[in-house]
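What follows is one structure encoded as structure tokens, with my remarks underneath.
The values are calculated or read from the model by the stated rules, or taken from the named source; none is laboratory data. Owing to the predicted nature of the structure, the values given are computational and were not obtained by experimental measurement. All Cβ positions, even for glycine, are placed from backbone atoms using ideal geometry, and neighbour counts span all protein chains on display. These area figures cover heavy atoms from the full protein model, side chains too; ligands, DNA and RNA do not enter into them. Shrake-Rupley method; radii C 1.70, N 1.55, O 1.52, S 1.80 Å.
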Amino acid sequence: MPINVVLLGFGTVGESVYRTIASHQDGLRNILGTDIVVKGVLVKDARKSRNIASDVLVTTDFKKLLELPNIHAAIEAIVGVEPAFTYGKQFLNAGIPVITANKEMAAHKGGKLRKEAEANGTEFHFEAAVAGGIPIIAVLKQLLHANRISKIEGILNGTSNFILSTMREEGISFAEALERAQRNGYAEADPSNDILGKDSFYKLMILSELVFGKQPEWDEVDCTGINELVLNDLEEAGAGGKRIKLVASIGKDENGNLTAAVEPHSLDENHPLYHVEGVDNGIVVHTDLLGRLFLQGPGAGGPPTASAILEDLTQHFRSKPYQKPFVETSKVRAIR
Ligand SMILES: NC(=O)c1ccc[n+]([C@@H]2O[C@H](COP(=O)([O-])OP(=O)(O)OC[C@H]3O[C@@H](n4cnc5c(N)ncnc54)[C@H](OP(=O)(O)O)[C@@H]3O)[C@@H](O)[C@H]2O)c1
């Protein structure tokens, strides 16, 4: 039997997941031992024309999606806490795993959904909700056994990083760089979540819950965006050999209390995040055994986010405990 999935949302992320399932079906089948089939898609506006196969249910009615028979996973890529939380909870209650890209929902309700999943013998996956395609959740889960993680710091918002890089490299104002980000499709018409630091904050709270088992009190976390930075700030930092970056950080102080902040920092070139440019994200994890680990990669966009979602899906259902060979065996020449 194939793995039947439903998609909640068919925007940048949902559509990219749909197309990637089609384009990567052979490789996925090799790992999973069966096909992934999209059975239904939930949207908000029924009048939009969409390129979706005619045998897929496309609906604005959540109940119809929930009533589809033999659904094995729900992929949630809509916007905001509600109705995403209520929808996710209903799938989990039915024992169906939920994979989300929705950071706002995961930051607010991720803990509840993880418990809901556990109570129903299934799982809630959220790799795509933090740092796009960078597999930071998988890496952190891997490190949570023997290592003690003391601190995580990262550039978690590609839009604001693009704005800062563009201001510095091209000597243009914040408004001009924001307009450029919007024109390139990196920032939404309402960019406030990105430039005010809220998007980074949500991702930080998701990381906190995973690594430290709890979140700090939200109103005790300093959250300052990049909207008040002017070109002169960046030039002054540059004259001192530094670059201003929007850094989200969380760690434990000497008393074991969580301290977190999202704020612009002047970093020198020895800091790994100094070198993260454009829409990339970067994350530094500090652990007692490993020391400092640094990951960098695309923090947003359809294909990187679809990558994270499909890795979650594959991880959940994989039937073989090994990877397919990197090189086809028939193409490997015999060694004489
Ligand atoms: N874009 C990225 O690079 C990225 C990266 C990581 C995570 N995310 C997260 O992934 C989620 C989706 O992002 P996106 O960029 O794909 O957004 P988007 O392009 O705005 O698409 C949102 C989709 O959700 C549907 N939708 C919204 N509200 C709905 C509701 N109440 N009921 C049913 N459908 C609803 C929309 O339907 P219509 O098509 O009918 O309008 C649309 O198909 C967000 O939570 C975002 O934060 C995005």
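Based on this model, can you work out whether Lys103 counts as touching a Lys or Arg at 6+ places or on another chain (Cβ under 7 Å), charged (D, E, K, R) and in the same structural domain as Lys63 (by TED's automatic domain parsing)?
yes
Tell me the residue from Glu217, Glu263, Glu236 that is touching a strand residue (DSSP E or B) at 6+ places or on another chain (Cβ under 8 Å), open to solvent by 50 Å² or more (accessible area, probe 1.4 Å) and of a type in the set (Asp, Glu), please.
Only one candidate qualifies: Glu263.
Those residues that are in contact with a Lys or Arg (Cβ under 7 Å, 6 or more places away or on another chain) and either of a type in the set (D, E, K, R) or buried (at least 18 other Cβ atoms within 10 Å of the Cβ) (or both), I need them from the range 73-92; list them, please.
Phe85
Within the range 164-192, how many residues turn out to be assigned to a helix (DSSP H, G or I), buried (at least 19 other Cβ atoms within 10 Å of the Cβ) and touching a Ser or Thr at 6+ places or on another chain (Cβ under 9 Å)?
Looking only at that region, the number is 4.
Residues in the range 1-26 that are modelled with pLDDT under 95 and more than 20 Å from Glu76 (Cβ to Cβ): how many?
Total meeting the criteria: 1.
When the range 266-294 is examined, which residues are found to be among the aliphatic types (A, V, I, L, M) and open to solvent by 30 Å² or more (accessible area, probe 1.4 Å)?
Listed by number, the residues that qualify are Val279, Leu289, Leu290, Leu293.
Those residues that are closer than 17 Å to Ile309 by Cβ and assigned to a strand (DSSP E or B), I need them from the range 22-59; list them, please.
The answer is Ile36, Val37, Val38, Lys39, Gly40, Val41, Leu42.
Looking only at the range 90-114, which residues are under 25 Å from Pro2 (Cα atoms), of a type outside the set (Gly, Ala, Ser) and within 15 Å of the ligand (Cβ to nearest atom)?
Listed by number, the residues that qualify are Gln90, Phe91, Val98, Ile99, Thr100.
Looking at (1) more than 30 Å from Ala237 (Cβ to Cβ); (2) within 13 Å of the ligand (Cβ to nearest atom), can you tell me which one His145 breaks?
All conditions are met except number (2).
Please state which of the following conditions Ile137 fails to meet, knowing it meets all the rest: (1) at pLDDT 95 or above; (2) in a loop (DSSP other than H, G, I, E, B).
(2)
List, please: which pairs have Cβ atoms under 9 Å, are six or more places apart or on different chains, and start with a residue in the range 231-257 that is part of a helix (DSSP H, G or I) and end with one that is surrounded by 18 or more Cβ atoms within 10 Å (Cβ to Cβ) and of a type in the set (Lys, Arg)?
Leu231/Arg168; Leu234/Arg168; Leu234/Arg243; Glu235/Arg168; Ala237/Arg168; Ala237/Arg243; Gly238/Arg168
Could you grab the pairs with beta carbons closer than 7 Å, sequence gap of 6+ or different chains, first residue in the range 152-178 and in contact (Cβ under 8 Å) with a residue 12 or more places away in the chain, second one part of a helix (DSSP H, G or I) and acidic (Asp, Glu)?
As it stands, the answer is Asn157/Asp194; Asn157/Asp199; Thr159/Asp194; Ser160/Asp194, since those pairs meet every condition given.
Please go through the range 14-48 and give me each residue that is open to solvent by 30 Å² or more (accessible area, probe 1.4 Å) and near the ligand (Cβ under 8 Å from one of its atoms), ordered by number.
Result: Glu15, Lys44, Asp45, Ala46, Lys48.
Can you pull out every residue in the range 128-147 that is more than 19 Å from Met105 (Cβ to Cβ) and buried (at least 24 other Cβ atoms within 10 Å of the Cβ)?
Within the range 128-147, just Ile134 meets the criteria.
Conditions (1) open to solvent by 50 Å² or more (accessible area, probe 1.4 Å); (2) under 20 Å from Val38 (Cβ atoms); (3) more than 10 Å from the ligand (Cβ to nearest atom); (4) at pLDDT below 95, marked per residue:
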residue	(1), (2), (3), (4)
Ser54	yes, yes, yes, no
Ile71	no, yes, yes, no
Glu116	no, no, yes, no
His125	no, yes, yes, no
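Here is a list: Gly95, Gly110. Which entry is outside any loop (DSSP other than H, G, I, E, B) and either open to solvent by 60 Å² or more (accessible area, probe 1.4 Å) or at pLDDT 95 or above (or both)?
So the residue among Gly95, Gly110 that is outside any loop (DSSP other than H, G, I, E, B) and either open to solvent by 60 Å² or more (accessible area, probe 1.4 Å) or at pLDDT 95 or above (or both) is Gly110.
Is one or more of the residues making up the range 151-161 under 30 Å from Asp288 (Cβ atoms), in contact with a His (Cβ under 7 Å, 6 or more places away or on another chain), open to solvent by 20 Å² or more (accessible area, probe 1.4 Å) and not aromatic (Phe, Trp, Tyr)?
Checked against the condition, which is being under 30 Å from Asp288 (Cβ atoms), in contact with a His (Cβ under 7 Å, 6 or more places away or on another chain), open to solvent by 20 Å² or more (accessible area, probe 1.4 Å) and not aromatic (Phe, Trp, Tyr), the range 151-161 yields at least one hit.
Does Asp253 qualify as being charged (D, E, K, R), exposed (fewer than 13 other Cβ atoms within 10 Å of the Cβ), assigned by TED's automatic domain parsing to the domain that holds Asn157 and touching an Asp or Glu at 6+ places or on another chain (Cβ under 9 Å)?
So Asp253 fails the test.
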